[in-house]
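The values are calculated or read from the model by the stated rules, or taken from the named source; none is laboratory data. Bear in mind that the values here come from a model prediction, so they are computed numbers and not experimental data. Don't worry about glycine lacking a Cβ; one is built from the backbone with ideal geometry, like all the others, and counts go over all protein chains shown.
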Amino acid sequence: MSGSEITETRQYLTFRLGHEVFATDVAKVREVLDMTPITAIPRTPAFMAGVINLRGTVVPVVDLRLCFAMPKTEKTRNTCIVVVEVMLGEEPTVIGALADSVEEVIDLEPDQIEPPPHIGTQVRTEFIRGMGKRETQFIMILDMDRVFSVEQLAAIHAQESEAAA
């Protein structure tokens, strides 16, 4: 879905990765957790931080910074885990995403959202739902189903493997 297909005012949870502000539809967000111990899983891709125990349920946690070719998330007092529900294939799946900090919940009107940029074939933007405009700031609105799609995660893992070789 592109930004031009967003036809109603929606609420978005904004969060930071480095100096950039990202957002996701609040309908995808289950909860935001303070940093909690993450159990690493051997032989998983680097972007897989591990798993957490969320009230008796095992929830995988992904380092979004690594998914976006940024440096690994450094844990600070603001670091948190945004727990989202995404569709992996036909299956609803709960995944935690590391974020440097959570900002706020905002409303964006359709006219405040531009389609994702088309930058050529080298830059993958299919996981960007749109670019929100708020005062002088751009907010990248993520399509979490696409960020965590099997194809997207496989592509990230392939890039990690190539870089390690």
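Details
- Among the candidates T121, T57, residue that is modelled with pLDDT of 90 or more and more than 16 Å from F15 (Cβ to Cβ): T57
- Given (1) over 22 Å from G50 (Cα atoms); (2) part of a loop (DSSP other than H, G, I, E, B); (3) over 18 Å from the mean Cα position of the chain (by Cα), number of the condition D111 does not satisfy: (2)
- Given (1) surrounded by 14 or more Cβ atoms within 10 Å (Cβ to Cβ); (2) modelled with pLDDT of 95 or more, index of the condition V105 fails: (1)
- Residues of the range 88-103 that are in contact with a strand residue (DSSP E or B) (Cβ under 6 Å, 6 or more places away or on another chain) and in contact (Cβ under 8 Å) with a residue 60 or more places away in the chain: V94, G96, A99, D100, S101, V102, E103.
- Residue, farthest from I139 (Cα to Cα), within the range 6-20, restricted to residues that are out of contact with any helix residue (DSSP H, G or I) (no Cβ under 9 Å at 6 or more places or on another chain) and at pLDDT below 95: H19
- Residue match in the range 141-153 (condition: outside any strand (DSSP E or B), loosely packed, with under 15 Cβ neighbours inside 10 Å and either in contact with a Phe, Trp or Tyr (Cβ under 9 Å, 6 or more places away or on another chain) or modelled with pLDDT under 95 (or both)): yes
- Strands (runs of 3 or more DSSP E) wholly inside the range 1-87 containing at least 1 residues that are in contact with a Gly (Cβ under 8 Å, 6 or more places away or on another chain), under 27 Å from D111 (Cα atoms) and touching a residue at least 40 places away in the same chain (Cβ under 8 Å): 10-17, 20-25
- Flag if T24 is of a type in the set (S, T, Y) and either closer than 20 Å to P115 by Cα or under 13 Å from the mean Cα position of the chain (by Cα) (or both): yes
- Inclusion of V94 among residues that are touching a Lys or Arg at 6+ places or on another chain (Cβ under 9 Å), surrounded by 12 or more Cβ atoms within 10 Å (Cβ to Cβ) and under 18 Å from G130 (Cβ atoms) is not warranted.
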